[in-house]
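Trainee: This is the structure, below, for whatever I ask next.
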Amino acid sequence: MSMVDVELRYLRIWRAAVGLLAVLGVVTSLVFVSPATNLAVFMVAAFTAGAICLSVGLGRDLPTSDLHNMVPRGAVLGGLCVLAVCGYAAAIGARTVTLLLLMVCVSPPVIGWLRSGRADRPARRTLPRRPIRLPKASNRQLNAVQADGDPAADWPMPKYLVAVVRSVGELSDEELCLAWRRSFTQLQRAMSPDRRQAMVDVRRAYLDELERRHPDSFAVWLASNPRAAGNPARFFTHRADH
C-alpha cells in the first residue's frame, strides 16, 4: 500500500470520527440550548464559513461549478460545527476545549507536519532511484480525464489542470511544483478507478521530470520524507511560496 493510500485512508477515518462527534454535538445543542440561540449561532457561523470558502475558492482559481458546490456546503458544515461546539460546551463545559484540542492534534495536517518535521535524526542513505516512465495506458486514461462532451459531475476539471494536457517538459520549475501540489487534491477527488489511475500517472510524470531536471535536489527532497501533498518548491526553485 502506497503512502498516498495510507494518508487517504487515515483522512477518511478521521473525518468519520469528527462527523460522528459533530452529530452528537448538534443533537446536544438542540436539547440544551434554546432554539433562538441555535438559529442565531448557526446563521452567523454559516455566513462566516461561506465567506471563507468563497475567498479560498477564488484564490485557488476554482471554476464556478466548484464554487457553487463548495460555498453552500462549507457554510452548512461551518454552522453545524459551531452548533456542535455550543452543544458540548453546554453539556461538558470547559472540557470541550480538551476535546477540540484532541481532534486537532490527531488531524491529518498535524500528523503530516509531525512526520515531515523530524529533522534531527541522521540522514538516510538515499539509493539511486530508477527513472519513472509514464505508462502507455495512461494516454487512454488521460483522454478519459480530458474528454470533451459531458464531463462527469463528480470530477469537474479546474483551469489549472490544463497543465496536464501540455507536456511536463514545457512547465517551468515553479509551475511543475505547483502542479504537483494541486494534483494531490485532484487525486483525492477522483472517484472512478480510471481517473484515479490517470492522476497517479500524471504525478509519476511530474516526479520523473523533477528528477531529470534536478537529480541532486530530487535526492535531497526524497531524503526529507516529503508528504504526498507537500510543497517541494524550496528544493527546486528560488521561491518557496506559491
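Trainee: Of the residues Val145, Val202, which is at pLDDT below 50, β-branched (Val, Ile, Thr) and surrounded by 19 or more Cβ atoms within 10 Å (Cβ to Cβ)?
Mentor: Val145
Trainee: If I ask for residues that are more than 24 Å from Pro108 (Cβ to Cβ), open to solvent by less than 60 Å² (accessible area, probe 1.4 Å) and touching a residue at least 60 places away in the same chain (Cβ under 8 Å), which ones from the range 170-187 would you list?
Mentor: Passing the criteria: Asp173, Leu176.
Trainee: Among the residues of the range 188-199, which ones are open to solvent by less than 20 Å² (accessible area, probe 1.4 Å) and not in a helix (DSSP H, G or I)?
Mentor: Ala190
Trainee: Right, another one. Within the range 213-233, identify whether any single residue is open to solvent by 50 Å² or more (accessible area, probe 1.4 Å) and of a type in the set (Val, Ile, Thr), and answer yes or no.
Mentor: Checked the range 213-233: at least one residue is open to solvent by 50 Å² or more (accessible area, probe 1.4 Å) and of a type in the set (Val, Ile, Thr).
The values are calculated or read from the model by the stated rules, or taken from the named source; none is laboratory data. These numbers were taken from a predicted model, which means no experiment stands behind them. Note that we place each Cβ from the backbone using ideal geometry, even for glycine, and neighbour counts take in every protein chain shown. Remember, those area values only see protein heavy atoms, side chains included, never the ligands or the DNA or RNA. Shrake-Rupley method; radii C 1.70, N 1.55, O 1.52, S 1.80 Å.
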